[in-house]
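The values are calculated or read from the model by the stated rules, or taken from the named source; none is laboratory data. Since this is a predicted model, take the numbers as computed values, not measurements. With ideal geometry, Cβ positions are generated from the backbone for all residues, glycine too; neighbour counts draw on all protein chains shown. Remember, those area values only see protein heavy atoms, side chains included, never the ligands or the DNA or RNA. Shrake-Rupley method; radii C 1.70, N 1.55, O 1.52, S 1.80 Å.
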Amino acid sequence: MHFAYALIRAMLHGMTMSTRARDLPASAAAGQRDRLTGVALMTGSAAANQLGAATAALAFPVLGPAGVVAVRQWVAGAVLLTTVRPRFTSFTWAQWRPVVALALIFATMNLSLYLAIDRIGLGLAVTLEFLGPLSVALLASRRAIDLGCALVAGTAAVILARPQPSTDYAGIGLAVLAAACWAGYILVNRVVGARLPGSQGPAAAASLSALLYVPVGIWVLTGHPVTVVALGRAATAGLLCSAVPMVADLLALRRVPARFYGVFMSVNPVFAALTGLAVLGQSLAVVDWVAIAAVVTVNAVSVSAGRRA
């Protein structure tokens, strides 16, 4: 918990420094530093997300997906509320609208993804969820290379999610719902970052999302034999999948375009596959690793093209 506080405070300090830097005359070097910082933030967000998701999956047998999501939302809300301390009374209606939308999207995305992971596994669920930021990249692209990178990444995602005789279509549908929520999360989070200073927006959204899960969590947890280990894993997921990425994504979207974010976040299937192998023992076929290599190549090309531009 102390580590999470320190990490979030460090990111907030970096955000303050970048705000001061924007007061200085713009330069190519400053723009390049912003892009590299955004890439680092997005990479850290993806790694934290997948490690947290794998940790959460270990708690499913005891708490169930809904119970894990409830604990995750509570922890994320508590950490961001006490760290950022959003000034709710100063919010205008124009600021509240995207905050409420972000809270609803966040709550729906987490529950649908965890239900999908429970049914079809971490790698496949996250690969399908990636279709959300991929769609943002396709719709927002203005350069041919961005469109090409998005198409290659999408092809790799289809290969990773290819139908099998025992395909769980309900699980796939839940993952696609999570993908739609992720696309909305990208766009709404960008609006929140523009209308609210600092990390006030994601902190307020996480707090509202935590309140939404109070009745759900009470109903689920009272019907399960709760253990300290399971609660600890769910709490860890709250820190890694919610608190850290929400701040990191907000800071990243202030430094890179939404289309670049959408393409670059294709690293999530890569981290999901590696984390699933290391933490959950979920092995992949050779063709899956070829698809993952294609995703990594797409990211490298996208970053290089962005730096040249």
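Go through (1) assigned to a helix (DSSP H, G or I); (2) touching a residue at least 12 places away in the same chain (Cβ under 8 Å); (3) open to solvent by 40 Å² or more (accessible area, probe 1.4 Å) and name the single condition A178 misses.
Against the list (1) assigned to a helix (DSSP H, G or I); (2) touching a residue at least 12 places away in the same chain (Cβ under 8 Å); (3) open to solvent by 40 Å² or more (accessible area, probe 1.4 Å), A178 comes up short only on (3).
Give the range 262-299 a look and list any residue that's aromatic (F, W, Y) and at pLDDT 80 or above, or say none.
Residues of the range 262-299 that are aromatic (F, W, Y), as a first pass: 264, 271, 289.
Residues satisfying the conditions are F271, W289.
I'd like the residue in the range 230-289 that is open to solvent by 40 Å² or more (accessible area, probe 1.4 Å), in contact (Cβ under 8 Å) with a residue 40 or more places away in the chain and among the polar types (S, T, N, Q) and, out of all such residues, is nearest to A204 (Cα to Cα).
T236
Kindly provide the set of residues from the range 56-89 that are surrounded by fewer than 24 Cβ atoms within 10 Å (Cβ to Cβ), closer than 21 Å to A272 by Cβ and in contact with a Phe, Trp or Tyr (Cβ under 7 Å, 6 or more places away or on another chain), ordered by number.
Once the filter is applied, which keeps residues that are surrounded by fewer than 24 Cβ atoms within 10 Å (Cβ to Cβ), closer than 21 Å to A272 by Cβ and in contact with a Phe, Trp or Tyr (Cβ under 7 Å, 6 or more places away or on another chain), the range 56-89 yields only P65.
Based on this model, can you work out whether G198 counts as touching a Gly at 6+ places or on another chain (Cβ under 8 Å) and modelled with pLDDT under 85?
On the way: touching a Gly at 6+ places or on another chain (Cβ under 8 Å): no; modelled with pLDDT under 85: yes.
So G198 does not fit the description; no.
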